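Enquirer: Structure in structure tokens, see below.
The values are calculated or read from the model by the stated rules, or taken from the named source; none is laboratory data. These numbers come from a predicted model, not from an experiment. As a convention, Cβ positions derive from the backbone with ideal geometry for all residues, glycine included, and neighbour counts pool all protein chains shown. Heads up: the accessible areas ignore ligands, DNA and RNA and are worked out on the full protein's heavy atoms, side chains in. Shrake-Rupley method; radii C 1.70, N 1.55, O 1.52, S 1.80 Å.
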Amino acid sequence: MTSSCFDRRDLGLLLLRVGTGGVLAAHGAQKLFGWFGGHGIEGTGAFMESIGYKPGKANAMIAGLSEAGGGVLLALGLATPAAGSAAAGAMAGATAVHAPNGFFSMGGGYEYPAFLGLVSATLAITGPGAYSVDEALGHSFNRAWMVPAALAGTAVGVLVSVGSRQRNVREEQAGGENEVNEEGPVAD
């Protein structure tokens, strides 16, 4: 039995947190600031509005903050239950948009946001490991009760947000069908 100065599990959690958190932070920065080829709040807000997340600008701000803020906090290992839950919630909203395209991201599916959401939720549950700001602060922002509270709060937010989006999409589709019906029958 060999001992080492690093715990493999804690080192693995560090790598997973920093990698996932970095990807999420960059993804959120695209929405918030237009960095890395993103469209910023205005462009992202217009897009969010077009896919049923209304009001678009507010939803872009929430998604961007959840991704960027959650990502930075995950990378640091700070407030891990809240950070992981917020990022998972943002990815659940993205998954809902991509779901009609199937699973694989090559075809516009939900593979990528679902994976980021799963890893974020997993980190919220498992915790940050020893190499984290939470550890340095004595886990003041990483208590056991915070995990179910953060996940439950996020679940409610996702249900409201995605439910509202689905209602908006149905209303827009119904409005489009009414316009077609008013123009008369369409020849094949």
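Enquirer: Among the residues of the stretch 156-179, which ones are open to solvent by 50 Å² or more (accessible area, probe 1.4 Å) and within 16 Å of the chain's Cα centre (by Cα)?
Expert: Passing the criteria: VAL156, LEU159, VAL160.
Enquirer: Does the stretch 103-122 contain any residue that is closer than 17 Å to LEU76 by Cα and either open to solvent by 80 Å² or more (accessible area, probe 1.4 Å) or in contact with a Gly (Cβ under 7 Å, 6 or more places away or on another chain) (or both)?
Expert: yes
Enquirer: Only residues in the stretch 22-40 that are in contact (Cβ under 8 Å) with a residue 12 or more places away in the chain and under 20 Å from ALA86 (Cα atoms) count as the first member; pair them with residues that are hydroxyl-bearing (Ser, Thr, Tyr) and part of a helix (DSSP H, G or I), Cβ under 8 angstrom, at least 6 apart or cross-chain, and list the lot.
Expert: LEU24/SER120; GLY28/SER66; GLN30/THR44; LYS31/THR44
Enquirer: Since LYS57 meets every condition but one in (1) in contact with a Gly (Cβ under 7 Å, 6 or more places away or on another chain); (2) closer than 20 Å to LEU24 by Cβ; (3) in contact (Cβ under 8 Å) with a residue 12 or more places away in the chain, which condition does it not meet?
Expert: Checking LYS57 against (1) in contact with a Gly (Cβ under 7 Å, 6 or more places away or on another chain); (2) closer than 20 Å to LEU24 by Cβ; (3) in contact (Cβ under 8 Å) with a residue 12 or more places away in the chain, the one that fails is (2).
Enquirer: Also, quick follow-up: For ASN168, all conditions in the list (1) closer than 30 Å to PHE47 by Cα; (2) polar (S, T, N, Q); (3) not in a helix (DSSP H, G or I) hold save one; what is the number of the exception?
Expert: ASN168 satisfies every listed condition except (3).
Enquirer: Taking the stretch 39-78 only, how many residues are open to solvent by 20 Å² or more (accessible area, probe 1.4 Å) and either assigned to a loop (DSSP other than H, G, I, E, B) or in contact with a strand residue (DSSP E or B) (Cβ under 6 Å, 6 or more places away or on another chain) (or both)?
Expert: 5
Enquirer: Continuing with this model, one more query. Quick check on the stretch 83-95. Is at least one of its residues open to solvent by 50 Å² or more (accessible area, probe 1.4 Å) and either assigned to a helix (DSSP H, G or I) or touching a helix residue (DSSP H, G or I) at 6+ places or on another chain (Cβ under 6 Å) (or both)?
Expert: Just the residues of the stretch 83-95 that are open to solvent by 50 Å² or more (accessible area, probe 1.4 Å), to begin with: none.
Looking through the stretch 83-95, none of the residues is open to solvent by 50 Å² or more (accessible area, probe 1.4 Å) and either assigned to a helix (DSSP H, G or I) or touching a helix residue (DSSP H, G or I) at 6+ places or on another chain (Cβ under 6 Å) (or both).
Enquirer: In addition: From the list GLU111, GLU67, exactly one residue is charged (D, E, K, R) and within 20 Å of PHE33 (Cα to Cα). Which is it? Let's see the steps before the verdict.
Expert: Numbers: GLU111 fails: within 20 Å of PHE33 (Cα to Cα).
Being charged (D, E, K, R) and within 20 Å of PHE33 (Cα to Cα) holds for just one of GLU111, GLU67, which is GLU67.
Enquirer: Checking ALA46 against (1) farther than 27 Å from ALA75 by Cα; (2) of a type in the set (A, V, I, L, M, F, W, C); (3) in contact (Cβ under 8 Å) with a residue 40 or more places away in the chain, which test does it fail?
Expert: (3)
Enquirer: Being open to solvent by 30 Å² or more (accessible area, probe 1.4 Å) and part of a helix (DSSP H, G or I): is that true of GLY28 here?
Expert: no
Enquirer: Quick one: GLY19 ticks every box in (1) over 19 Å from MET91 (Cβ atoms); (2) surrounded by fewer than 15 Cβ atoms within 10 Å (Cβ to Cβ) except a single one, so which number is it?
Expert: Result: GLY19 passes all but (1).
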